[in-house]
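Here is the structure we will look at, set down as structure tokens.
The values are calculated or read from the model by the stated rules, or taken from the named source; none is laboratory data. Just so you know, these numbers come straight off a predicted model, no measurement behind them. Every residue, glycine as well, gets a Cβ built from its backbone with ideal geometry; the counts of neighbours run over all protein chains shown.
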Amino acid sequence: MVITHEDEKIRPRLYLISPPTIDLDVFEENFKAAAFAGDIACFQLRLKDRPRKEIIVATQRLMPIAEEAGIAFILNDDPALAKELSTDGVHVGQEDMTYREAREMLGPDAIVGVTCKNSRHLAMEAAGDGADYVAFGAFFPTDTKDKTVHADPEILEWWSGLAEIPCVAIGGITVKNASILVKSGADFLAVSGGVWNYPKGPAAAVTDFNQMIDTHQST
């Protein structure tokens, strides 16, 4: 997963996020189907408040699939476990370990992304510290997180015109509502339910998301 802005606008890519709880046997098959159905930059394992052993087992089973598909594997919230499991990186929220602490723990080569909600200040702070990406949202209502703040697509326009560090759009994103985020400058679309609960299945969701991106990125 290349986390960079070029002089010419890069094509937006998918950033898949797991549901907060999973049936691993079922999810492994769904993830395998999605992983090879179209372009995906990375996958974040986000098993909120689940036992550590459950997260370890899920990582051990899902990360090889991601590696085979060329998808970066990101762990949510836990830099220490990310280091132990040798994932590609970690995503930290504002209530988790700080970016600087995570970077010190994981070293210079790991991906470290930061939740910035709808805050320009938090995004500038994270960029100044050296984050690999900043995540804005929620842009739409979501059942994945209990507590969210609303973000307006205008913040993506502001960021893409200002910063070199890519931005991730997150929160209730579906094939039907994502085009405004692509047009506004999102570099990555972080999607959970919009893929795993897609009526035609996760593989079809990945295909349809990529078709939508290709249709709207230049409009």
What number of residues within segment 161-214 satisfy the criterion of being over 20 Å from residue 72 (Cβ atoms), in contact with a Lys or Arg (Cβ under 9 Å, 6 or more places away or on another chain) and small (Gly, Ala, Ser)?
2
Of (1) without any contact (Cβ under 8 Å) to a residue 12 or more places away in the chain; (2) closer than 19 Å to residue 134 by Cα, residue 70 satisfies every one except (2)
If I filter segment 89-102 for residues that are β-branched (Val, Ile, Thr) and crowded, with 21+ Cβ neighbours inside 10 Å, do I get at least one hit?
yes
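Results for (1) in contact with a helix residue (DSSP H, G or I) (Cβ under 9 Å, 6 or more places away or on another chain); (2) of a type in the set (Ser, Thr, Tyr); (3) modelled with pLDDT under 95; (4) within 24 Å of residue 24 (Cβ to Cβ), shown as yes or no for each residue.
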site: 179; (1), (2), (3), (4): yes, yes, no, no
site: 184; (1), (2), (3), (4): yes, yes, no, no
site: 194; (1), (2), (3), (4): yes, no, no, yes
site: 211; (1), (2), (3), (4): no, no, no, no
site: 214; (1), (2), (3), (4): no, no, no, no
If a residue has to be without any contact (Cβ under 8 Å) to a residue 12 or more places away in the chain and over 24 Å from residue 18 (Cβ atoms) to count, how many in segment 135-182 make the cut?
1
Do you know which residues across segment 14-26 are surrounded by fewer than 21 Cβ atoms within 10 Å (Cβ to Cβ) and either free of Cβ contacts under 8 Å to residues at least 40 places away in the same chain or within 16 Å of residue 135 (Cβ to Cβ) (or both)?
21, 22, 23, 24, 25, 26
Failed criterion for residue 162 (all others in (1) buried (at least 17 other Cβ atoms within 10 Å of the Cβ); (2) assigned to a loop (DSSP other than H, G, I, E, B); (3) of a type in the set (A, V, I, L, M, F, W, C) hold)
(1)
Within segment 172-195, is there a residue that is in a helix (DSSP H, G or I), of a type in the set (Ser, Thr, Tyr) and closer than 21 Å to residue 131 by Cβ?
yes
